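The values are calculated or read from the model by the stated rules, or taken from the named source; none is laboratory data. Every value quoted in this text rests on a predicted model; they were computed, and no experiment measured them. Ideal geometry is used to build each Cβ from the backbone, glycine not excepted, and the neighbour counts take in all protein chains shown. All accessible areas refer to the heavy atoms of the entire protein, side chains included, with ligands and DNA or RNA removed. Shrake-Rupley method; radii C 1.70, N 1.55, O 1.52, S 1.80 Å.
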Amino acid sequence: MRLHVAELAAIRDRALAGPGEPATAAQKAKGKLTVRERIGLLLDEGSFREVEPLRRHRATGFGLEAKRPYTDGVVTGWGTVEGRTVFVYAHDFRIFGGALGEAHATKIHKIMDMAIAAGAPLVSLNDGAGARIQEGVTALAGYGGIFQRNTKASGVIPQISVMLGPCAGGAAYSPALTDFVFMVRETSQMFITGPDVVRAVTGEEITQNGLGGADVHAETSGVAHFAYDDEETCLEEVRYLLSMLPSNNRENPPAHGCDDPAGRACQALLDLVPVDGNRPYDMAKVIEEIVDDGDFLEVHERWARNIICALARLDGKVVGIVANQPQSLAGVLDIEASEKAARFVQMCDAFNIPIVTLLDVPGFLPGVDQEHGGIIRHGAKLLYAYCNATVPRISLILRKAYGGAYIVMNSQSIGADLTYAWPTNEIAVMGAEGAANVIFRRQIAAAEDPEAMRTRMVKEYKAELMHPYYAAERGLVDDVIDPAETREVLINSLAMLAGKHADRPSRKHGNPPQ
Ligand SMILES: CCC(=O)SCCNC(=O)CCNC(=O)[C@H](O)C(C)(C)COP(=O)(O)OP(=O)(O)OC[C@H]1O[C@@H](n2cnc3c(N)ncnc32)[C@H](O)[C@@H]1OP(=O)(O)O
């Protein structure tokens, strides 16, 4: 037996060592960690249990018979993050550029099936060149199996994709099906086809980073939710995100003890938000003041900055926050903001995270670009997501909430459980100036002094329809609160809603706007 065990140890050592020093040096020269270093940073120390470390491909042709490394270029297994089980698969770029062949794919399929069965999150550490060219259609079929499982797992277990190298083709599609995409500046890219193919087909000259680097995807395309300067910080933030998510859709997110008093008065809010509805301010500071210890994790922080989507804790329990950002495009809803918030609301609903919506919204962004770009169907995505969400939903109107944007952003009429407003709230079909221009157009045009008439009509409209208690008198907000009470009121209301259960009519699935 000892001889056998010694032989096993030698084989294991070879598998663990990977493809050798030159390949490792090349990986390091690109500023990247090795696959096992990454897994070591992601998981609790010593918790990784590898599955199929001795797997090798059986493909033939193109010299593959002579090149059959252990792992086949992907390390799979499970471990823990803060003591909770997490499944992981990680490409090894040193082997076939991390490209996916049949054996590689079936290892990933197995670990995905295990994660779904165990009801635990799946994290992929992506550093791979897509389908392994030498294996042809079997490689493509392997990707099909991953996409199918990504979709099956969607809304069942959290799926997190961490991009740690140049990821092409299927290695970019699969992450797009998952809940969160993390990237690292300079070293990670995502594209359907690399710069060489782009040059050949369209004649465009572009670098890998220019085409699909972290900043491109975190700021322009919205493909990446998070971007960091180095792998260590990136993987630490993945751990932080996991600490806010439940293991699966049958559980609640983990609650923590909280030293920040639930009844803490938020006096700073009285000065943070200008009473004049046209003056900008930083909504992030408002969120910081309300949530436990001022701590929150912004999702898609650099994309569609006119809306904030963040995970935070209130009295130790995780909440999702959706908030207009008045210091960016006046907090207006446009195509990208609608898409960003819709996906976030859906994610929160899938994983039992109550949603707090902070409104200060002048409406949808008008314009030809927006209309031709499909603001109607993109805005409808957010409406659909809120209407569909059965988790506790609370809205707070800080200042203005106008028109369709007011309805879309979790108004009482689309199912908010509770709606509060500050005494500065102004809920209306549109701003007073715009409203007066429409309904008093004739009187203004016929007046001797049109400007004086316009001013008088604006004032009249405001006095009649836009005073802060108009909605409260009609029961359309549940209470008008002192901003300093905001934290206490939200915590108290969420505690009441903790047992919320909502049934929906039976159906296969809805047909959301796309
Ligand atoms: C589902 C459909 C799909 O996935 S279709 C997508 C197919 N994949 C592609 O088109 C990507 C082709 N590869 C590339 O564009 C580049 O290799 C990228 C990913 C940009 C990385 O470039 P770079 O960092 O310079 O590395 P490199 O080209 O030297 O490659 C390193 C080693 O990996 C190999 N490699 C690369 N891609 C594949 C692939 N798809 N199949 C099999 N092997 C691949 C390279 O040949 C190279 O190998 P070696 O180290 O020279 O032995």
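Annotations
- Taken over the alpha carbons of the chain as equal point scatterers, the Debye sum produces base-10 log I(q)/I(0) values at 0.06, 0.09, 0.13 Å⁻¹ of -0.34, -0.70, -1.23.
- Distance between the pseudo-spin-label points of Thr85 and Cys258 (7 Å out from Cα toward the beta carbon): 3.0 nm.
- Only one residue of Pro175, Ile375, Cys348 has its Cα farthest out toward the positive end of the dipole of the chain, where Lys and Arg carry +1 and Asp and Glu -1 on Cβ, and that residue is Pro175.
- Set against the 2.2 N^0.38 Å expectation for a compact globular protein, region 392-486 has a Cα radius of gyration ratio of 1.25.
- Inter-site label distance for Leu177 and Asp293 at 7 Å from Cα along Cβ, in nm: 3.7
- When the residues Ile407, Ile394 are ordered by accessible surface, computed with a 1.4 Å probe over the protein chains alone, the sequence from largest down reads Ile407, Ile394.
- Crossing angle, helix 450-465 versus the chain [Cα axis fit, 0-90 degrees, rounded to tens]: 70
- Theoretical FRET efficiency, 1/(1+(r/R0)^6), r = Cβ-Cβ of Asn388 and Glu464, R0 25 Å, to 0.05: 0.10
- Under 14 Å from a label point set 7 Å out along the Cα-to-Cβ vector of Leu497, the amide N atoms of region 379-402 belong to 386-397.
- When the surface is traced with a 1.4 Å probe over the full set of protein chains, Glu288 keeps roughly 100 Å² accessible.
- Heavy atoms of Arg94: accessible area, 1.4 Å probe, square angstrom to 10: 40
- Assigned charges on the beta-carbon of Lys, Arg, Asp, Glu; region 1-244 dipole about Cα centre (debye): 960
- For Glu473, the solvent-accessible surface computed with a 1.4 Å probe is close to 130 Å², ligands and nucleic acids excluded.
- Near Glu485: Cβ cut-off under 11 Å, other residues only, Lys/Arg at +1 and Asp/Glu at -1. The net charge is -1.
- Solvent exposure, largest accessible area first (probe 1.4 Å, DNA, RNA and ligands not counted), of Trp78, Trp422: Trp78, Trp422
- Pairs of alpha carbons in region 232-368 whose separation is greater than 21 Å (percent): 45
- The share of accessible area on region 293-384 that comes from carbon and sulfur is 51 percent, using a 1.4 angstrom probe.
- Cβ charges +1 (Lys, Arg) and -1 (Asp, Glu), total dipole of region 1-130, debye: 240
- Helix 231-242 and the long axis of the chain differ in direction by around 60°, with both axes built from C-alpha atoms.
- Structural descriptor for region 1-244: relative contact order 15 percent, calculated from alpha carbon pairs under 8 angstrom and at least 6 residues apart.
- For region 1-244, accessible area per residue (1.4 Å probe, heavy atoms of protein chains only), Å²: 43
- Antiparallel DSSP beta bridges within the chain, as percent of all bridges there, nearest 5: 40
- Of the listed residues Tyr228, Tyr384, the order by accessible area with a 1.4 Å probe, largest first, is Tyr384, Tyr228.
- Local electrostatic count at Gly169 - Lys and Arg +1, Asp and Glu -1, tallied over other residues with Cβ under 15 Å: -2
- With viscosity 1.567 mPa s and temperature 4 °C, the Kirkwood radius over alpha carbon pairs of region 1-244 converts through Stokes-Einstein to a diffusion coefficient of 71 µm²/s.
- Placing unit charges on each Cβ (+1 for Lys and Arg, -1 for Asp and Glu) gives the chain a dipole about its Cα centre, and among Pro253, Thr233, Ser328 the Cα reaching farthest toward its positive end belongs to Pro253.
- Extension gain for Asp196-Gln514 works out to 111.4 nm (0.36 nm per residue, less the C-alpha to C-alpha distance).
- Over the C-alpha trace of region 73-170, radius of gyration and Dmax come out as 12.8, 40 angstrom.
- Binned Cα-Cα distance frequencies in region 425-469 - 5 Å width, integer %: 5, 27, 32, 18, 11, 5, 2
- Local net charge near Ala446, Cβ-Cβ under 15 Å (Lys/Arg +1, Asp/Glu -1): +1
- Within region 1-244, percent of DSSP bridges classed antiparallel, to nearest 5: 40
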